[in-house]
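Trainee: Structure incoming, see below.
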Amino acid sequence: MEIITTPSLESRDEADLLLVPFWKGKKHAEAAASAVSLYKLCAGVVDTRDFSGKEGEFVIIYVSGQPEKRFGLLGLGDQDAMTVEKLRRSYAQATKGCRAKKLSKLNIVLPDCKAIALDDLVKGIVEGLLLPNYAFTSLQKDALKKEPQVVLKGIKLIAAGKHELAVAQKCATICEAVNFARDLVNGNADDITPQYLSAVARGLEKTCDHVKTTVLNKKQIEKEKMGLLLAVNRGSFREPAFIIVEYKGNPKSKEKTVLVGKGITFDTGGLNLKPTGSMETMKCDMAGAAAVLGTIQAASNLGLKINITGVIASTENSIGSYSFKPGDVYTGYAGKSVEIGNTDAEGRLILADALAYTIDRLKPTRIIDLATLTGAIEITFGDEATGLMSNNDALADLLIQAGSVTGERLWRLPMYEEFRDSLKSDIADIKSTGGRGGSSIKAAIFLQEFVDKTPWAHLDIAGTAFLSDARRYNPKYGTGVGVRLLISFLEHL
Ligand code: BES
Ligand code: ZN
Ligand code: ZN
């Protein structure tokens, strides 16, 4: 994506379309910028009220004597109620409208908006344009030739300078990392294996500054006594992988945020096999791992002056004669024995080993895990929010703040200690599941058993990581959720 600026309306040159912003006025759409000459050319449509300027409304008109053949009138809704999220949602409609007409080069008139700081304005616009400008095409053959799905190739911000350009380019870097995570989620489960994720993590060491990758193979995982990751791996012919990616943006500091990702490359449910209808999307079960890798890529490319370590436990949860069994007891890195309540609750097992290893070996300042952990979180929030559970109010509040800034909303659930009773086992130290009620929270209560007093937050992204239809600025399938959230969080530390 080429992003450039030009100092004035007069200095712009040709493009496929000029994007002209409007507010929704009392009677009709109102100009959202002071470019009087342009708005005169739009008067016809505005007068007919065919276009009202409401949020996300997008109409193309054809003009002559301008550097562009088309103007795209874009509604931004109420001027006073403007937010960055509303900008994202509105500008996403412009990208969709341009895709329908295969328009790839846009000139952009920035709205004058008192309700929002200039940086946020540019951010909202660029993210709104770029986030939907994605399609997973690597498995398409003929279909793609007929219908190219990613068309936006260049945007030019008018009446903008160096500062605005830097803000826009930063957004583009983050969006690239979001797409990197989306690609990992969308790829075939038989391609995006634990070994592939390991190779991707090693690739980051090559392509990104200050990144170091270590991968533990099955033998090393056995040596570390990660018996829970190994239990889940039993049914799979592919070996598990335990991936550690360090980004040292501030070597002088001892501060370190560890991001732990669930990397189940396909979740069949194991012997407690998922039924038809529940398994088809389960290549998404490594979306936590994808978000961790994407965040590290973005942090390095942005040159953030912080330290982050990504920890990914990865395996398939397959079914076979070697599969781990419900009712059996396995012991992991922490030395605690776990009675398997249900083999489909595999995520908490591999995370337990990853969290215990993190606490014991990595000296984290704080830990954030991301996992497509429970179907129940999708029942609770649909795709509108990620579930947050934490042992630390300050960390939870910072994450919630990042959620509201980025539009990747978080909602915190209570970790009442009473839930712990449901995980009691008569045969082991703890049981992995505790019945249907409150099952997203019970999963977090289980994880907490493997964390000490270190500030820790668990993000259940089962509802937000994968969409069955395109929605607002997110495409169908993998959303890359977590990358923008975590970068915003890390920037504000
Ligand atoms: N990977 C699933 C959770 C999931 C569901 C992710 C829907 C994305 C969309 C997880 O491993 C799982 O199967 N959890 C079980 C736990 C239960 C057996 C206690 C669930 O939520 O049903
Ligand atoms: Zn499962
Ligand atoms: Zn799973």
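Trainee: Rg and Dmax of the chain over Cα atoms: what are they, in angstrom?
Mentor: Computed over the Cα atoms of the chain, radius of gyration and Dmax are 24.1, 81 Å.
Trainee: Computing the accessible area with a 1.4 Å probe over protein heavy atoms, can you report the carbon and sulfur percentage for the chain?
Mentor: Using a 1.4 Å probe with all protein chains present, the chain comes out at 50 percent carbon and sulfur.
Trainee: Follow-up question, since we're still on this one. In what order, largest first, do H28, H163, H492 sit by accessible area if the probe radius is 1.4 Å?
Mentor: Greatest to least solvent exposure: H492, H163, H28.
Trainee: Can you give me the distance in nm between label points at K26 and K96, each placed 7 Å from the Cα along the Cα-to-Cβ direction?
Mentor: Placing both labels 7 Å along Cα→Cβ, they lie 3.1 nm apart.
Trainee: Moving to a separate point now. Let me know the charge dipole size of the stretch 70-166 about its Cα centre in debye, to the nearest 20, where only the beta-carbon of Lys, Arg (+1) and Asp, Glu (-1) is charged.
Mentor: On the way: 17 positive and 10 negative charges, 139 e Å.
That gives the stretch 70-166 a dipole magnitude of about 660 debye.
Trainee: State, to one decimal in nm², a quarter of the convex hull surface area for the C-alpha atoms of the stretch 168-301, i.e. the direction-averaged projected area. It would help to have the intermediate numbers written out before the result.
Mentor: Numbers: hull surface 38.5 nm².
Across all orientations, the stretch 168-301 yields a mean hull projection of 9.6 nm².
Trainee: Divide, for the stretch 137-237, the radius of gyration over alpha carbons by 2.2 N^0.38 Å, where N is the residue count.
Mentor: Taking N as the residue count of the stretch 137-237, the ratio is 1.56.
Trainee: Hey, rough spin-label estimate for Q195 and Q149, points 7 angstrom out along Cα→Cβ, what's it come to in nanometres?
Mentor: 2.8
Trainee: Within a Cβ distance under 10 Å of M286, other residues only, what is the Lys/Arg minus Asp/Glu net charge?
Mentor: Working: positive: K262, K283; negative: D267, D285, E316.
My count for the surroundings of M286 gives -1.
Trainee: While we're here: How far is helix 287-302 tilted off the main Cα axis of the chain, in degrees rounded to 10, range 0 to 90?
Mentor: It works out to around 60 degrees.
Trainee: Same structure again: List the residues of the stretch 395-413 whose backbone N lies under 19 Å from a point placed 7 Å from the Cα of T365 along the Cα-to-Cβ direction.
Mentor: The answer is 395-403.
Trainee: Taking Rh as the Kirkwood radius computed over C-alpha pairs, what is the Stokes-Einstein D of the stretch 277-361 at 10 °C in a medium of viscosity 1.306 mPa s, expressed in µm² per second?
Mentor: Values: Rh = 15.2 Å.
In µm²/s, the coefficient rounds to 105.
Trainee: Stretched out fully, how many nm does the piece from A394 to E205 gain, at 0.36 nm a residue minus the Cα gap?
Mentor: Stretched fully, the A394-E205 segment lengthens by 64.8 nm.
Trainee: Where a ≥ b ≥ c are the square roots of the eigenvalues of the C-alpha gyration tensor, would you call the stretch 351-493 rounded, which needs a/c under 1.5, or, failing that, prolate if a/b is larger than b/c, or oblate?
Mentor: Note, shape of the stretch 351-493 comes out oblate.
Trainee: Given 10 Å bins starting at zero, what is the percent of C-alpha pairs of the stretch 74-131 in each, up to the one with the largest pair distance?
Mentor: Reading upward from the zero bin: 24, 57, 18, 1.
Trainee: Per residue, how much accessible surface does the chain expose to a 1.4 Å probe? Answer in Å², no decimals.
Mentor: Value returned for the chain: 42 Å² of accessible area per residue.
Trainee: If you don't mind, there's one more thing I want to ask. Please compute, for the alpha-carbon atoms of the stretch 32-156, the extent along each of the three principal axes and give them in descending order in Å.
Mentor: 46, 33, 24
Trainee: Along Cα→Cβ, 7 Å out, is where each label goes; now give me the distance between the ones at S337 and R471 in nm to one decimal.
Mentor: Once both label points are built, they end up 4.3 nm from each other.
Trainee: Shifting gears a bit: Show me the GluC sites (Glu not before Pro) within the stretch 383-474 that DSSP assigns to loop and that have at most 11 other Cβ atoms within 10 Å of their Cβ. Before the final figure, lay out the partial values.
Mentor: On the way: sites: E384, E408, E417, E418, E449; in loops: E384, E408, E449.
Within the stretch 383-474, the qualifying GluC sites (Glu not before Pro) (loop, at most 11 other Cβ atoms within 10 Å) are E384.
Trainee: Further question: For the stretch 1-94, what are the per-bin percents of Cα-Cα distances with bins 5 Å wide, up to the bin holding the maximum?
Mentor: Reading upward from the zero bin: 3, 13, 24, 25, 20, 12, 3, 0.
Trainee: Where does helix 162-186 land angle-wise versus the long Cα axis of the chain, in degrees 0 to 90, nearest 10?
Mentor: 40
Trainee: If you count, for each residue, the other Cβ atoms within 10 Å and average over each peptide, how do 123-129, 200-206 line up from highest to lowest? Can you show the working numbers first?
Mentor: Details: 123-129: 26.6, 200-206: 16.9.
Going by the mean number of other Cβ atoms within 10 Å, highest first, we get 123-129, 200-206.
The values are calculated or read from the model by the stated rules, or taken from the named source; none is laboratory data. Predicted model, so just to flag it, every value in this text is computed and none were measured. Neighbour counts run over all protein chains shown; Cβ positions are idealised from the backbone, glycine included. Each accessible area value is taken on the protein alone, full model and side chains, heavy atoms only, with ligands, DNA and RNA left out. Shrake-Rupley method; radii C 1.70, N 1.55, O 1.52, S 1.80 Å.
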